[in-house]
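Student: First the structure, which I've put down as structure tokens, then a few questions once you've had a look.
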Amino acid sequence: MKKNYKLLYVMLPLLLVYTFSCKKNDMGGTGAPTITRVRTTTKTDTTTGVIKRITLDSSITTTTTTLVGYDSTVTSGGLGNQYAIIGTNFLSTTSVTINGVSVYFNPALLTDHSIIITIPSLTSTATQVPFGPDQTNKLVVTTKHGTASFTFPITQPAPVITSFTPQVANPGDIVTITGQIFNGVTSVKFDKIPATIVGTPTATQIQVKVPQGVTSNLIYVTTPGGTAVSTTTFGFKYVVYTESLATGWGGQGSGGYDGYNSTRTYNDQTHPEAGSYDIKTTFTDSYGALQLGYGGATPVSVSTLGLTSIKFSVYGGAGYTGTQKLQVVINGAYSTAVVVSFTAGAYTDIIVPLSQLGNPSTITEIVLQNYGVAPPCTIYVDNLGFI
């Protein structure tokens with residue numbers, strides 16, 4: 001027994017020294033932190049030809065994307081990405097900021113030489129890290145023993161166009177483009193035609209004047225982060241009505257015919273979407289319609305003109321409340337009519353593929369017919385044509 005006590009007395013000081021030594025290592029360095037670099041932590045790896053079993057006797061071949069370990073030094077960061085800060089004396093880190101905004105770091109992965117941070121994405125509910133030429137571009141690590149600052153700019157993401165209005169306008173009219181990350185916009189083009197930016201753009205909205213020469217064009221927005229392209233075209237490949245009916249349409253002195261069970265004013269100025277005029281149509285019975293027939297010398301060929309859809313804007317006037325409906329008919333094919341919804345008191349842009357309207361080879365008649373609303377009721381139509 002005495003021998004056991006003697007052994008304990010000999011080992012106890014050694015155990016105490018070891019315990020305090022471990023505690024000191026767990027606490028990390030006590031000096032001010034230093035940052036030497038920032039690196040990536042992962043990348044995506046795509047594997048093709050992966051066979052996945054569905055049932056005992058069936059399977060599919062697919063492509064999978066996985067995250068794999070990766071170590072590459074970077075000099076700037078992007079939103080929605082994860083990075084490792086490399087340096088010294090990090091174990092007592094209390095905060096990490098970029099451009100003055102706190103970013104999340106994973107305390108479970110914290111070591112004395114690395115910090116794993118995640119920069120919020122645009123869709124994150126966390127406070128966004130700002131970017132741009134007016135930022136400090138500083139990554140700051142704060143610990144219990146000091147701070148370290150490192151130059152680490154955040155790159156601007158590419159812009160995104162979500163919509164534009166109106167969808168058709170005359171040269172000189174104002175078009176409002178809505179989207180995201182328009183910061184520092186440098187140019188707006190209708191295909192290759194430059195447009196003049198009006199006023200002061202914001203991160204989510206730009207206003208431009210429609211340039212001369214625009215017919216049916218995609219809209220391009222360029223910023224320091226890249227270039228966005230609209231998913232739909234501005235304008236028409238074939239115009240039926242903007243400020244007046246096109247030649248050969250509607251029987252207004254240039255061929256064609258119009259109708260029926262309605263009163264129609266082609267130079268109304270009550271609710272133009274763009275320009276000065278609209279088509280005011282008041283339905284006088286339940287089957288009333290704005291009917292426009294073509295009587296021009298040159299056929300309106302779908303294939304020659306490359307037409308894919310009819311496009312128009314409609315405003316619900318007197319007699320309409322809330323969301324209402326119209327029936328769209330091409331060339332008298334009522335069996336393939338398409339019912340569309342529009343709003344009272346505002347313009348709604350309507351696009352209907354010709355593939356849903358009987359796949360006509362030529363366009364000879366357009367009908368926008370009342371659908372289920374007791375007459376009299378009035379609609380205003382503007383910017384009618386084909387894309």
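The values are calculated or read from the model by the stated rules, or taken from the named source; none is laboratory data. Remember, predicted model here, so these are calculated numbers, not experimental data. Neighbour counts run over all protein chains shown; Cβ positions are idealised from the backbone, glycine included.
Listed here are the residues, each with its yes/no results for (1) at pLDDT below 90; (2) over 26 Å from ILE181 (Cβ atoms); (3) not β-branched (Val, Ile, Thr).
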residue: THR55; (1), (2), (3): yes, yes, no
residue: THR61; (1), (2), (3): yes, yes, no
residue: THR64; (1), (2), (3): yes, yes, no
residue: GLY77; (1), (2), (3): no, no, yes
residue: ILE85; (1), (2), (3): no, no, no
residue: SER92; (1), (2), (3): no, yes, yes
residue: VAL103; (1), (2), (3): no, no, no
residue: SER114; (1), (2), (3): no, yes, yes
residue: LEU139; (1), (2), (3): no, no, yes
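Student: Also, quick follow-up: Within segment 278-298, is even one residue out of contact with any Cys (no Cβ under 9 Å at 6 or more places or on another chain), at pLDDT below 95 and surrounded by 17 or more Cβ atoms within 10 Å (Cβ to Cβ)?
Tutor: Checked against the condition, which is being out of contact with any Cys (no Cβ under 9 Å at 6 or more places or on another chain), at pLDDT below 95 and surrounded by 17 or more Cβ atoms within 10 Å (Cβ to Cβ), segment 278-298 yields no hits at all.
Student: Show me the strands (runs of 3 or more DSSP E) found entirely inside segment 133-204 where at least 2 residues are in contact (Cβ under 8 Å) with a residue 40 or more places away in the chain.
Tutor: Numbers: elements: 138-143, 146-151, 160-165, 174-180, 187-190, 193-198.
Qualifying strands (runs of 3 or more DSSP E): 138-143, 146-151, 160-165, 174-180.
Student: Any residue that is under 30 Å from TYR241 (Cα atoms) and of a type in the set (Ser, Thr, Tyr) - is there at least one of those in segment 138-158? Break it down stepwise before answering.
Tutor: Initial filter on segment 138-158 (under 30 Å from TYR241 (Cα atoms)): none.
Checked against the condition, which is being under 30 Å from TYR241 (Cα atoms) and of a type in the set (Ser, Thr, Tyr), segment 138-158 yields no hits at all.
Student: Of these, TYR287, TYR315, TYR277, which one is touching a His at 6+ places or on another chain (Cβ under 7 Å) and under 17 Å from THR378 (Cβ atoms)?
Tutor: So the residue among TYR287, TYR315, TYR277 that is touching a His at 6+ places or on another chain (Cβ under 7 Å) and under 17 Å from THR378 (Cβ atoms) is TYR315.
Student: Given the conditions (1) surrounded by 19 or more Cβ atoms within 10 Å (Cβ to Cβ); (2) outside the structural domain of GLN212 (by TED's automatic domain parsing), and given that PHE164 satisfies all but one, which numbered condition is not satisfied?
Tutor: It is condition (2) that PHE164 fails.
Student: Something else about it: Out of the residues in segment 217-233 meeting the condition of being in contact (Cβ under 8 Å) with a residue 60 or more places away in the chain and not β-branched (Val, Ile, Thr), tell me which one is surrounded by the most Cβ atoms within 10 Å (Cβ to Cβ).
Tutor: ALA228
Student: Let me ask something else. Looking at segment 330-387 only, could you name the residues that are assigned to a strand (DSSP E or B) and surrounded by fewer than 16 Cβ atoms within 10 Å (Cβ to Cβ)?
Tutor: Kept after step one, since they are assigned to a strand (DSSP E or B), are these residues of segment 330-387: 330, 338-344, 347-353, 362, 365-370, 377-386.
VAL339, SER341, THR343, ILE351, PRO353, THR362 - these are the residues of segment 330-387 that are assigned to a strand (DSSP E or B) and surrounded by fewer than 16 Cβ atoms within 10 Å (Cβ to Cβ).
Student: With respect to LYS325, is the statement that it is among the charged types (D, E, K, R) and under 30 Å from the mean Cα position of the chain (by Cα) true? Before the answer, list the steps.
Tutor: Details: among the charged types (D, E, K, R): yes; under 30 Å from the mean Cα position of the chain (by Cα): yes.
Taking the combined requirement at face value, the residue satisfies it.
Student: Among the residues of segment 100-132, how many are within 27 Å of the chain's Cα centre (by Cα) and part of a loop (DSSP other than H, G, I, E, B)?
Tutor: 15
Student: Quick check on ILE197: is it of a type in the set (A, V, I, L, M) and either at pLDDT below 95 or farther than 30 Å from ASP278 by Cα (or both)?
Tutor: Numbers: of a type in the set (A, V, I, L, M): yes; either at pLDDT below 95 or farther than 30 Å from ASP278 by Cα (or both): no.
So ILE197 fails the test.
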